[in-house]
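Values quoted throughout were computed directly from the atomic coordinates according to the rules given, and no laboratory measurement underlies them. All figures in this text were calculated on a predicted structure; none of them were measured in a lab. We place every Cβ from the backbone using ideal geometry, glycine too, and count neighbours over all the protein chains shown.
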Amino acid sequence: MKQELTPIHTFKFIDEILAQQSINLLSLNPKKTLITSFAELENLITEQKTDIELLINLQETLESIVCTQLQNFPENIFWDFDFLVSSMLRQALVADEGAIVFLKSFGEKMVSLTEMFGNKTEMRFRYVHDFMYGFEWARWVQKEPQKRAHIEPFSPVFLDYLLVKGKELLQRINHGQITSYKLCDTGYRNPFTFSREPEDEYRLLTCLAQEELIPVTVWNWNASPVWNKPFQEMRQQLALKLNIQPQKH
C-alpha cells in the first residue's frame, strides 16, 4: 500500500502558510506573474523520488526556510523557489552523509543565513533577491573562477562562505567600520548607489529578467546558473537607464 503524506507534511501546507501572509507571491519569471505553488513542486519531486521519509524531511526543511524568510524579510518582493527545491533534492540524493542528514544541515545553514541578514539583526537587508537569484554567488565565483565555477549557488560550500562573511560584516557594523553598507533613511542597508525602494527594486529586477541578466533563474526547476557576465556593472547601468534615483542616506 502506498504511503501518503499527512496533511501537515504535504507541500500544499506551505502554500497555506504563504496564503495567510498579506504578500503578493510574485515570480521574476518574465512569462508569468505568480510563483510555482509548492503543491506543483511536490509533483515534480515525486516524479523523481517517492521515499516517504525523504519527502517528509524535504517538506519540513522547506517549511522552516520559507517561514524564516517571511519573518526576517517581510518586504521581500519576488518569491521563486523552484530551483532551490530541485537543488536541495539533487544534492540530498548524492550526499555522502545521506539525504536526511544533508537536509537537516542544509536547513540549519539556510535558517541561520536568513536570520543573520534579515531585519532582526544590525544587518537589516530588505530583500533575499541578491542571494536567491545568484548575484552574490556570481560575484563570489568571479573572484576565483577556476576554483569556484563548479560550486553551485545553493551548495553548502557557498552557504558556509556567506555565514563567515555575515559574521565578519556584523562585527564591522558593531565596531562602526562600515562605509559601503550604511543604513539608508528607510532603516535598511543598501550597498548600491541607486535606490532600492520597492517600486525601484521591482522595475530594475523585472528589466534584468527580461534582458536575461539574472545569474540564477530560480523560477526554472532545471536552471543553468550563469556566473560569467558582468552582472553588477549591468545592474548599475540599467538603473541609470531607468532613471532610478540615487539612494538617500
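Relative contact order for the chain: what is it in percent, counting Cα pairs under 8 Å that are at least 6 residues apart?
Numbers: 287 pairs, mean separation 54.7, N = 249.
About 22 percent, as a whole number.
Report relative contact order for region 126-249 in percent, whole number only (criteria: Cα-Cα under 8 Å, sequence separation at least 6). Intermediate values should be presented prior to the final figure.
Working: 103 pairs, mean separation 44.1, N = 124.
Taking the mean separation of contacting Cα pairs over the length of region 126-249, I get 36 percent.
Among the listed pairs LYS49/LYS229; LYS120/LYS165; LYS31/LYS143; LYS167/LYS241; LYS143/LYS167; LYS109/LYS147, a Cα-Cα separation exceeding 24 Å is found for LYS49/LYS229; LYS31/LYS143; LYS167/LYS241. Between amide H atoms placed 1.01 Å from N, distances below 5 Å from PHE194 occur with GLN247, all of them 5 or more places distant or on a separate chain. Note on THR121/ASP185: beta-carbon distance plugged into 1/(1 + (r/R0)^6) with R0 of 30 Å gives a FRET efficiency of 0.95. Spin-label model, VAL101 to ARG172: label points 7 Å out along the Cα-to-beta-carbon direction sit 3.5 nm apart. The listed peptides 136-148, 204-216, ordered by packing as a protection proxy, come out as 204-216, 136-148 (highest mean of other Cβ atoms within 10 Å first).
Hey, what did region 1-90 get for relative contact order, percent, Cα under 8 Å, at least 6 apart?
Numbers: 61 pairs, mean separation 36.3, N = 90.
Over region 1-90, the number comes to 40 percent.
Placing R0 at 22 angstrom, the Cβ-Cβ distance between ASN24 and GLN237 gives a FRET efficiency of 0.20 after rounding to 0.05. Here the peptides 56-65, 193-202, 169-178 are ranked by packing, the mean other Cβ count within 10 Å, and the order with the highest first is 56-65, 193-202, 169-178. Placing unit charges on the Cβ atoms of the charged side chains and taking the dipole of the chain about its Cα centre, the candidate lying farthest along the positive direction among PHE83, VAL101, ALA239 is ALA239.
Once every DSSP H run of n ≥ 4 in the chain is given -39500 (n - 2.57) and the sum is divided by its residues, what mean residue ellipticity at 222 nm do you get, rounded to the nearest 500 deg cm²/dmol? Before the final figure, lay out each step's value.
On the way: 11 runs with 132 residues, N = 249.
So the calculated ellipticity at 222 nm is -16500 deg cm²/dmol.
Counting only the backbone N, which residues of region 97-112 are under 17 Å from the spot 7 Å out from the Cα of VAL157 toward its beta-carbon? Within reach of a label on VAL157: 97, 106.
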